[in-house]
Amino acid sequence: MWPPRHSMLSGSTSKGSLHMTIQKLISITTLALLISVVAGCEKNQPGQGQTQAMDEKDHQKMSAVDSQRQSGQVLVAVMTPTAGNEAHGSVTFTGTDDGIMVTANIAGLTPGVHAIHIHQFGDLRKNDGKGTGGHYNPEGHDHALPESDTRHAGDLGNLTAGADGNSSYSILIHNVTFDGQHNPIIGRGVIIHAKADDGGQPTGNAGARVSQGTIGYANPG
């Protein structure tokens with residue numbers, strides 16, 4: 001005998017209700033898992049302060065590795081006068097365990113104080129020195145004198161020429177590398193200006209470019 005019609009409908013309805021309940025439970029469980037995963041990711045994501053600290057540590061590690069690797073190496077920029085000027089000489093960059101020693105020996109300057117900067121390009125084809133572009137500033141800092149740790153990577157300060165027009169200047173820097181990942185200077189330009197760098201914005205009010213050179217590898221012989 002066939003079961004009564006109302007019994008068949010009742011059984012079918014019960015199965016349908018059970019199926020819908022299971023689907024809802026699966027959906028709720030899946031949603032809960034997704035929320036848990038997203039919350040965990042946000043919790044583990046470092047904040048801005050932590051990210052900056054990590055970046056600074058990475059820079060310090062890279063600088064330490066680069067310092068060890070470039071210690072004893074020498075780069076040089078042979079400085080030639082721009083149009084209408086006589087300033088010439090050389091600027092050397094010597095790798096040491098403590099940083100990079102920059103030494104400038106320049107003749108033909110007017111007596112007084114003159115700014116010296118690393119510029120973005122080593123292009124000397126323009127006789128006014130402007131082919132070297134602006135200050136080398138890959139980190140986007142404001143301009144400053146070397147006393148400030150936060151400055152353009154190319155801010156080297158000032159040298160002073162005597163009455164004979166000659167100048168010798170040295171400074172130890174830590175904010176660049178020869179050809180490493182952090183602010184590499186190989187192939188960049190060096191510019192000596194007509195006036196002093198007063199630390200003002202945007203580039204120190206140092207006036208015209210009187211001498212230019214390109215940083216390259218020095219002949220070890």
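The values are calculated or read from the model by the stated rules, or taken from the named source; none is laboratory data. This is a predicted model, so every value here is computed, not measured. For neighbour counting, all protein chains shown are included, and Cβ atoms are generated from backbone atoms with ideal geometry for every residue, glycine included.
At-a-glance table
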item	result
Any hit, segment 117-127, residues being under 23 Å from H174 (Cα atoms), touching a Gly at 6+ places or on another chain (Cβ under 8 Å) and among the aliphatic types (A, V, I, L, M)	yes
Some residue of segment 116-133 being under 14 Å from V91 (Cβ atoms), in contact with a strand residue (DSSP E or B) (Cβ under 6 Å, 6 or more places away or on another chain) and modelled with pLDDT under 95	no
Extreme residue, surrounded by the most Cβ atoms within 10 Å (Cβ to Cβ), among residues of segment 197-207 that are under 26 Å from E86 (Cβ atoms) and out of contact with any His (no Cβ under 7 Å at 6 or more places or on another chain)	D197
Segment 173-190, residues that are among the β-branched types (V, I, T) and either part of a loop (DSSP other than H, G, I, E, B) or surrounded by fewer than 21 Cβ atoms within 10 Å (Cβ to Cβ) (or both)	I173, V176, I185, I186
Where a residue in segment 126-152 is at positive phi and its partner, wherever it lies, is in a strand (DSSP E or B) and among the charged types (D, E, K, R), with Cβ under 6 Å and at least six apart	G129/R209
Check on S170, in contact with a strand residue (DSSP E or B) (Cβ under 8 Å, 6 or more places away or on another chain), among the small types (G, A, S) and exposed (fewer than 14 other Cβ atoms within 10 Å of the Cβ)	yes
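Condition check ((1) hydroxyl-bearing (S, T, Y); (2) under 16 Å from the mean Cα position of the chain (by Cα); (3) closer than 16 Å to M79 by Cα) across all residues:
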residue: E139; (1), (2), (3): no, yes, no
residue: E147; (1), (2), (3): no, no, no
residue: G157; (1), (2), (3): no, no, no
residue: G165; (1), (2), (3): no, no, yes
residue: Y169; (1), (2), (3): yes, no, yes
residue: V190; (1), (2), (3): no, no, yes
residue: V210; (1), (2), (3): no, no, yes
